[in-house]
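Data first, discussion second: the structure below is written as structure tokens.
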Amino acid sequence: MTLLDQSIINFLDMADSAEKVNEYLSKLTIQLEEIEMRFADWDEVQVHTSEKRQMLYDSFEARKVQLLEQKNKKAGQLQQAAERIITGVKNKAKNLESESEINAFFSSDLMVDRARQMAQELAAMEDATKSEEILQQLLVVQQEAIRNLKDRKELYVDGAQILAMGKHRFAIQSQNVALTLTNRDGIYYYHITGTSYFEPVHHPELETLKAVVDQEYVSESKVVPRAVYLAWRMLQQYTADVNPAAAGLEQQVNAYLTAHPSEGYVKGVHDKDALLLATHWLQLRTDLGILSYLPEERALAHIFWHYLPATEKEDLTRKITAVKF
């Protein structure tokens, strides 16, 4: 099981596409089934493998959703950048005085070439619709510049992603269509993948989530690194009088990494940093003693103790001494 847990972490880190997520999930599922068959008579193993299977599916499904969100975000950024370039190209093309100058401009200008490169990047991401939209916008701008209605209505046929039927051209969408949530300029939209459909989401509770819209992991924000968050989670499990050397921190950190693969920790990086931070924090908390409490809290405790009746003081002192507080 330890090797399987390590394989889950490694495969999640290696899975950088939806296809690889499915491939690695299949491999790990086969390994889990082999373990079940080998220990078929052990009820405890069967229960553990059932829990592990559910965790496996949840982790890889979360990874797939994360990759899809990253892909949509990058595709949206490329499309918006290309649209800004096309706007500048359109304004510049208006000042050209001949058809040959326009054709030469659209053949050799660096900004036009950059917009085409963005379209190729979108096509490589299997987003043929956005890629074709950028190429079509460039074509329309060129056609409008030379004021030729016939040429303006023609579309380029580039690669196998475009279907030609007589005078008509159609973009072919090969990826699976899915309804997702995507973020554009700080606003959530319903988006059908592979299309230009974007519908703003109107929900009051989403306004409270603006601060974490771009946060990829629950364990890391703009001000809190993953290693610090992991060290803080470890710190919550220990009281102030725990000896860091005997706390078993390293085992606890490794166990937490295994149980939370979707939080994006990298073995050998975040666990080492978190272990170092948690060790020092525990030692500091032990050395500080009551100074680890806020001044206001210590002042209130002093006032409370000062006005407490003597009999109650003796009773509390006896109880505190008994538990070695």
Any residue at all in region 260-275 that is touching a residue at least 24 places away in the same chain (Cβ under 8 Å) and farther than 30 Å from Glu69 by Cα?
yes
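Does region 169-177 contain any residue that is modelled with pLDDT of 75 or more and not in a loop (DSSP other than H, G, I, E, B)?
Within region 169-177, the first condition is being modelled with pLDDT of 75 or more, and the residues that meet it are 177.
So of that shortlist, the ones also not in a loop (DSSP other than H, G, I, E, B) come out as none.
No, that holds for no residue.
The values are calculated or read from the model by the stated rules, or taken from the named source; none is laboratory data. For clarity, every value in this text was computed on a predicted model and none was experimentally measured. Quick reminder, even Gly has a Cβ in these numbers, built from the backbone with ideal geometry, and neighbours come from all protein chains shown.
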